[in-house]
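Note sheet for the following structure.
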Amino acid sequence: MLDRKRGTVRDLRRENRSALLWSLYFSQPLSRQELSDATGLSPASVSNVVRELLDESIVIEAGSVDSDGGRPRVLLEMNPEHGYVIGVDIGETRVRVELFDLAMTERAKADYRLNPRKHDVGVVVERILDGLNAVLADSGIEPAAILGVGVGVPGIVQQVPEVLVHGQTYGWDAVPLERLLRAGTDLPLQFENGAKTMGQAELWFGAGRGARNAVVALVGSGVGASLISGGSTYRGATSSAGEWGHTKIVLGGRTCRCGSAGCLEAYVGAEAILERYGRAIPGNDEESALAELIGEADTSPLAAAILDETAGYLGAGIANLINLFNPERIILGGWAGLMLGSRLLPTIRDAARDQSLRHPFTATSIELGRLGPEAVALGAATLPVERFLNCSPR
Ligand SMILES: [Zn+2]
């Protein structure tokens, strides 16, 4: 009985602390009064929690504002240097490792190119470990100050009994990524699908801010999506929800990297677009090759036709999302998505409108991601931030 009571008090304290941190993180700076209004906690509770957070240097004072006739109100904000987080993006064409402070200001980054056709697990693990060492060395930040490392992976993440990555189109079959990285680092690690980490980045800091029901569509070499339902990521029964790239748009169509046929990815993934264009990719550099194709569309009827057709397929894929999920916002991101969208967004919108039901279409806006192609690493870094704001033990 005594233990239970003690547990309850401790849980309540943790909940209050977490409510206050979440509120401050997204709306800082705030006064104690504003924190009380935002969290529904009593002024006395806010004062207690703030005193603790100030003592622990998690929160700092950030000037003051005059209040009507009374004493000036002290503003509070998170101490951006209380701790640091690292985001890792294992992409088709690169491994990126970025170190941020708690205000998500980038302090250091490392970037390694990968052969998009060969994703040797050993090479990728080595690049990640090199990247972790590089960002620590470049920023001069001690490993002890790192709250955690989030890793965005190109596949489905199984969390128990150990972390396994099922990256069917990436050539990874049940890769024990945490165990492999553990051999080279003691930093706390978290893993999530890359489309979902990018979705969380856009939701927290980008085009998704404030949205409750949204889809963040990621188009790179591969195609994925993050489904935001009621303000948080929808995962499904075994975390694979959002495999939009492998929904079918042509019965018996082009062969997909997943082994099936007619998948959206087999038409609008960068690799598929370049294959449909029928050009060799110099040095396996898909990013330059796609940029070249888009550049040639002004003079080459073939390039223009391929892009038009791609906009049509992408529009069909987006129409399916609109009809199935009734999102208020669809955000197109990923390096290829941003490249295509910067030229084709109006055409993609028209194609989506023509292929979706009128009522849900009018409730949806279709926008480009605002955070650039590096948003997967930023989103991965939000995983340890989320754990920190939840006051969860490591
Ligand atoms: Zn497929």
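Data for the structure
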item	result
Of the GluC sites (Glu not before Pro) in region 123-222, those whose Cβ has at most 12 other Cβ within 10 Å and which sit in DSSP loop	Glu162
Of all accessible heavy-atom area on region 119-271, the percent that carbon and sulfur account for (1.4 Å)	51 percent
The chain: relative contact order as a whole-number percent, Cα under 8 Å and 6+ apart	16 percent
Distribution of pairwise C-alpha distances over region 264-318, 10 Å bins, in %	25, 58, 17, 0
Charge dipole of the chain about the Cα centre (unit charges at C-beta), most positive-ward option of Thr347, Ala211, Asn16	Asn16
Table column - 3J(HN,Hα) (Hz), region 32-39, Karplus curve with 6.51, -1.76, 1.60, x for Gly and Pro	4, 4, 5, 5, 5, 4, 6, 9
Net charge over other residues, Cβ less than 13 angstrom from the Cβ of Ala261 (K, R count +1; D, E count -1)	+2
Within a Gaussian network of the chain (alpha carbon springs, distance under 10 Å), most fluctuating of Thr93, Thr233, Thr105	Thr105
Long-range HN-HN contacts of Ile156 with modeled amide H, under 5 Å	His166, Gly167, Gln168
0 to 90° range, to nearest 10: angle between helix 286-296 axis and the chain longest Cα axis	60 degrees
Considering only the chain, percent of DSSP beta bridges that pair antiparallel, nearest 5	65 percent
Rounded percent of accessible protein surface that carbon and sulfur make up, region 278-360, 1.4 Å probe	53 percent
Rounded accessible area per residue of the chain, 1.4 Å, Å²	45 Å²
Amide H partners (placed H, <5 Å) of Val151, local residues excluded	Val88, Gln190, Phe191, Glu192
Region 119-266 - share of DSSP beta bridges that are antiparallel (%, nearest 5)	75 percent
The chain: angle of helix 194-205 to the longest principal axis, Cα-based, in degrees nearest 10	50 degrees
Angle in degrees between helix 335-355 and the longest Cα principal axis of the chain, rounded to the nearest 10	80 degrees
Cα centre as origin, Lys/Arg/Asp/Glu Cβ charges: the chain dipole, Debye	1120 debye
Contact order normalised by residue count of region 293-394, Cα under 8 Å, 6+ apart, percent	30 percent
Solvent exposure ordering (accessible area, 1.4 Å, most first) of Trp335, Trp244	Trp335, Trp244
Förster-model FRET efficiency, 41 Å R0, Asn326 and Glu162, C-beta, rounded to 0.05	0.65
Between region 178-233 and region 34-50, the Cα center-to-center distance that results, in Å	31 Å
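The values are calculated or read from the model by the stated rules, or taken from the named source; none is laboratory data. A quick note: this is a predicted structure, and the numbers were derived from the prediction, not measured. Cβ atoms come from the backbone with ideal geometry, glycine included; neighbour counts cover every protein chain shown. All accessible areas refer to the heavy atoms of the entire protein, side chains included, with ligands and DNA or RNA removed. Shrake-Rupley method; radii C 1.70, N 1.55, O 1.52, S 1.80 Å.
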